[in-house]
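Enquirer: Would you mind keeping the following structure in view while I ask a few things?
The values are calculated or read from the model by the stated rules, or taken from the named source; none is laboratory data. This structure is a prediction, so every number in the text was calculated from the model and none was measured. All Cβ positions, glycine included, derive from the backbone under ideal geometry; neighbour counts span all protein chains shown. With ligands, DNA and RNA removed, areas are computed over all heavy atoms of the protein, side chains included. Shrake-Rupley method; radii C 1.70, N 1.55, O 1.52, S 1.80 Å.
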Amino acid sequence: MALSTAPLAAQLAILPGKPDHNVVSGSTGCDCGGFGWRRNEGLVEMRVSRLYRVRSCAIVGKALSKDSGASVGLDVQFPSDYSELLKQAKEATELALKDKRQLMEIEFPTAGLESVPGDGEGGNEMTGSVQLIREFCDSFIAPEKAARTRIFFPEAKEVDFARKYAFGGASFKLDYLTKPSFFEDFGFVEKVKMADRVKPEDELFVVGYPYFNVNEMLVVEELFKDAVANTDRAMIIFNGELDRIRSGYYPSFFYPKLAALTRTLFPKMETVYYIHNFKGARGGTLFRSYPGPWKVLRRVRSGYVCVHQQELMPSLKEVALDILPKF
């Protein structure tokens, strides 16, 4: 259910570039820190009435952690750099694990916090993901549990690269999803039987960027079914570009098994941390940090302002064509 009507006005906080915070408290209209809000046919719309130097926007409210019963305060701002991003992703993942989430997604651009898919060269983006996976795991996983964490990369050769580039001397177990076949140049790879890769002591699986070949996400589904579901284990898909599957980039007629993931695997998944940027005159950012709502941000000078939020993930098409043009 979208929250961008009266409840949004009641929960939205604009943090201008000065110490005091001006919080929208009414549902019919107000002037809050330079942003005028008004109700129009059930929608809360925003117009910039004075040009403040807006540092960020935060949704201030409470969300109920379903399984723990704890009340969690939400005040997650768009990160200023990758160090802050990884800290936010770590905290979001920890909260999801406390809520017994087994399958989690972390997705953000690696060519710059404001970049969009395609801004960076594919190989460079993967290289960036390798380093960021190492930094995330170092901060998130306790040293005594490193040997019980298995990190999967798309292919065996990428395991060798990851070990040399970022994971030298680490105790994490590095593994792969597929291995090349004689017909690799035609897009065919040999699937690896996941039951043979997993060890009894494994507790956490991290899967890095499984999007270069369509078979990789099918192997991820197999891994979840065979080694995670109905166990105490958990899995994190790190920068898997799953929006390609959600958006129908792969036609279901030609890729029926891949398209089926939106009905079989994805409903079991919690997107715990997410950033997707939209360029253009009506550009913006779709942002989420678990357990908070999905927020659509618009950049204002050196910061961001939240123009819309809702509980469920909107499609990228909905954000680009329906939500951002209203603001």
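Enquirer: State the number of residues belonging to segment 141-179 that are surrounded by 20 or more Cβ atoms within 10 Å (Cβ to Cβ), in contact with a helix residue (DSSP H, G or I) (Cβ under 7 Å, 6 or more places away or on another chain) and assigned to a helix (DSSP H, G or I).
Expert: Selection size over segment 141-179: 1.
Enquirer: Still on this structure: Quickly run through segment 293-327 and pick out the residues that are outside any loop (DSSP other than H, G, I, E, B) and of a type in the set (D, E).
Expert: E318, D322
Enquirer: What number of residues within segment 81-124 are of a type in the set (G, A, S), modelled with pLDDT of 95 or more and over 14 Å from C137 (Cα atoms)?
Expert: Within segment 81-124, residues that are of a type in the set (G, A, S), modelled with pLDDT of 95 or more and over 14 Å from C137 (Cα atoms) number 1.
Enquirer: Right, here's the next one. I'm trying to understand the selection: among the residues of segment 231-252, which are open to solvent by 80 Å² or more (accessible area, probe 1.4 Å) and either under 16 Å from the mean Cα position of the chain (by Cα) or at pLDDT 95 or above (or both)?
Expert: D232, S247
Enquirer: Continuing with the same structure: Test F136 against the stated conditions and say whether it is hydrophobic (A, V, I, L, M, F, W, C), assigned to a strand (DSSP E or B), open to solvent by less than 20 Å² (accessible area, probe 1.4 Å) and in contact with a helix residue (DSSP H, G or I) (Cβ under 6 Å, 6 or more places away or on another chain).
Expert: Numbers: hydrophobic (A, V, I, L, M, F, W, C): yes; assigned to a strand (DSSP E or B): no; open to solvent by less than 20 Å² (accessible area, probe 1.4 Å): yes; in contact with a helix residue (DSSP H, G or I) (Cβ under 6 Å, 6 or more places away or on another chain): yes.
Spelling it out, it is not the case that F136 is hydrophobic (A, V, I, L, M, F, W, C), assigned to a strand (DSSP E or B), open to solvent by less than 20 Å² (accessible area, probe 1.4 Å) and in contact with a helix residue (DSSP H, G or I) (Cβ under 6 Å, 6 or more places away or on another chain).
Enquirer: Inside segment 235-292, can you point out the residues that are closer than 26 Å to I323 by Cα, of a type in the set (A, V, I, L, M, F, W, C) and assigned to a loop (DSSP other than H, G, I, E, B)?
Expert: L242, A281
Enquirer: All but one of (1) β-branched (V, I, T); (2) touching a Lys or Arg at 6+ places or on another chain (Cβ under 9 Å); (3) modelled with pLDDT of 95 or more hold for V220, so report the exception by its number.
Expert: So the condition that V220 fails would be (2).
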